[in-house]
Amino acid sequence: MDLSTAKEIKLEDKGLFDKYFQNYPPQTSEFTFTNLYMWRNFYGLFFMEWEGHLLLFSRDVFKKRKTAMSGSDNALFFFAPIGPKPADVIITLFENFNEIEFHRIPEQLTENLRSHEKFPALNIEIFEDRDNWDYVYEGENLRDLLGNRYRQNRRWLNKFLENYDYEFKILTEDEVAKTKKLQLEWCILRECEDDEGLEQEEKAIYDALDNFSSLGFKGALICVDNKCVAYTFGEMLNSDTIVIHIEKAHMEYEGAYQAISNLFLKSSFINAMFVNREQDLGVPGLRRSKESYKPIHMVQKSILYRKTSK
């Protein structure tokens, strides 16, 4: 396998990625073209087709961003192969590369690997990556917020709807500049320049918004007295699930987060049965927020690696 033939992700590759995602519908939030495109620079992603599969990997993510689970700063970082036999491809890659890791591997693929005849001999370690598990909700529950379990969420939503003279807008090219201005304000308040994660997220968001029409995702914006106070965007992950990529709001407008989430889901993707709100990254406040909406299940993901001796 010659990884030197791999290419950087560009807008013109959207058709190829969409074809793979249509033929092999993803369950993890990472696998939409929008998500991969907007985060391509952060991860240093490359892609290639091999044996009927789409492979996504980084040569430098560990050198620039973190220490590898395997203990090697030279490890290759792979996402799950997209295609008919991803377990076989993972096994082949472990056979051909000594320093390699697979991240965001869904539970079903992990189970398939455990039962693979070659798995025991490769000494592959499996680490449950809880911080990157996706939260999945019933779409109807998030739209209606009925019952005692959603009482607090409903209370905050109603507080916003009753206290502010707001305007809800579906995101169009005409609203992109306002959305970017809101993101900038949000980042200034949270001092993103002192937090690499937030700083990189802002760059990814701008990349997505600057290519709004080409990427084809949907979004929404809420403004109060001509000041925009909340926005979100997402897209279909598979035939019955929408994935929410980004959701931001000014905290001083009480209930703004609840409002943008609820109004967006009531106006867009109304037939989506499930809502994937991505991961919490181990951030305590984000975890509490995502748990408050009562997920019906988590998309469990793991890291696969082999320990290297030093």
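Given 16, 93, which one is part of a helix (DSSP H, G or I) and touching a residue at least 60 places away in the same chain (Cβ under 8 Å)?
93 is the lone residue from the list that is part of a helix (DSSP H, G or I) and touching a residue at least 60 places away in the same chain (Cβ under 8 Å).
Take residue 80 and decide whether it is assigned to a helix (DSSP H, G or I), under 17 Å from residue 303 (Cα atoms) and touching a helix residue (DSSP H, G or I) at 6+ places or on another chain (Cβ under 7 Å). Please lay out each step first, then the result.
Numbers: assigned to a helix (DSSP H, G or I): no; under 17 Å from residue 303 (Cα atoms): yes; touching a helix residue (DSSP H, G or I) at 6+ places or on another chain (Cβ under 7 Å): yes.
Here the answer is no, as residue 80 does not meet what is asked.
When you scan segment 152-171, how many residues do you find that are surrounded by 19 or more Cβ atoms within 10 Å (Cβ to Cβ) and free of Cβ contacts under 8 Å to residues at least 40 places away in the same chain?
The number of residues fulfilling the criteria is 0.
Tell me whether segment 90-99 contains one or more residues that are on the phi > 0 side of the Ramachandran plot and loosely packed, with under 14 Cβ neighbours inside 10 Å.
Within segment 90-99, not a single residue is on the phi > 0 side of the Ramachandran plot and loosely packed, with under 14 Cβ neighbours inside 10 Å.
From the set of residues in segment 133-176 that are closer than 24 Å to residue 243 by Cβ and assigned to a loop (DSSP other than H, G, I, E, B), which is farthest from the chain's Cα centre (by Cα)?
By that ranking, first place goes to 146.
Name the residue that is nearest to residue 145 (Cα to Cα), counting only residues in segment 237-284 that are under 16 Å from the mean Cα position of the chain (by Cα) and in a loop (DSSP other than H, G, I, E, B).
Here the answer is 277.
Specify which of the listed residues (35, 23) is in contact with a strand residue (DSSP E or B) (Cβ under 7 Å, 6 or more places away or on another chain) and within 24 Å of residue 218 (Cβ to Cβ).
Result of the check over 35, 23: 35.
Could you please give the count of residues in segment 177-227 that are part of a strand (DSSP E or B) and surrounded by 20 or more Cβ atoms within 10 Å (Cβ to Cβ)?
Looking only at that region, the number is 4.
Using the structure shown, decide if residue 46 is surrounded by fewer than 21 Cβ atoms within 10 Å (Cβ to Cβ) and either assigned to a helix (DSSP H, G or I) or β-branched (Val, Ile, Thr) (or both). Before the answer, list the steps.
Working: surrounded by fewer than 21 Cβ atoms within 10 Å (Cβ to Cβ): yes; either assigned to a helix (DSSP H, G or I) or β-branched (Val, Ile, Thr) (or both): no.
In short, no.
I'd like to check something: does segment 263-279 contain any residue that is farther than 22 Å from residue 296 by Cα, out of contact with any helix residue (DSSP H, G or I) (no Cβ under 6 Å at 6 or more places or on another chain), without any contact (Cβ under 8 Å) to a residue 40 or more places away in the chain and outside the structural domain of residue 13 (by TED's automatic domain parsing)?
no
Note down all Cβ pairs under 7 Å where the first residue falls in segment 110-124 and is at positive phi and assigned by TED's automatic domain parsing to the domain that holds residue 88, the second is surrounded by 12 or more Cβ atoms within 10 Å (Cβ to Cβ) and in a loop (DSSP other than H, G, I, E, B), and they're at least six residues apart or on different chains.
Qualifying pairs under 7 Å: 123/306.
What are the residues in segment 110-132 that are in a loop (DSSP other than H, G, I, E, B) and in contact with a Leu (Cβ under 6 Å, 6 or more places away or on another chain), if any?
Once the filter is applied, which keeps residues that are in a loop (DSSP other than H, G, I, E, B) and in contact with a Leu (Cβ under 6 Å, 6 or more places away or on another chain), segment 110-132 yields 119, 124.
Can you tell me which of 102, 78, 127 is more than 23 Å from residue 231 (Cβ to Cβ), modelled with pLDDT of 95 or more and surrounded by fewer than 15 Cβ atoms within 10 Å (Cβ to Cβ)? Walk me through it before giving the result.
Numbers: 102 fails: surrounded by fewer than 15 Cβ atoms within 10 Å (Cβ to Cβ); 78 fails: surrounded by fewer than 15 Cβ atoms within 10 Å (Cβ to Cβ).
Selected residue: 127, the only one of 102, 78, 127 that is more than 23 Å from residue 231 (Cβ to Cβ), modelled with pLDDT of 95 or more and surrounded by fewer than 15 Cβ atoms within 10 Å (Cβ to Cβ).
The values are calculated or read from the model by the stated rules, or taken from the named source; none is laboratory data. Only a predicted model underlies this, so the values are computations on that prediction, with no experimental measurement involved. Glycine also receives a Cβ, built like all others from the backbone with ideal geometry; neighbour counts cover every protein chain displayed.
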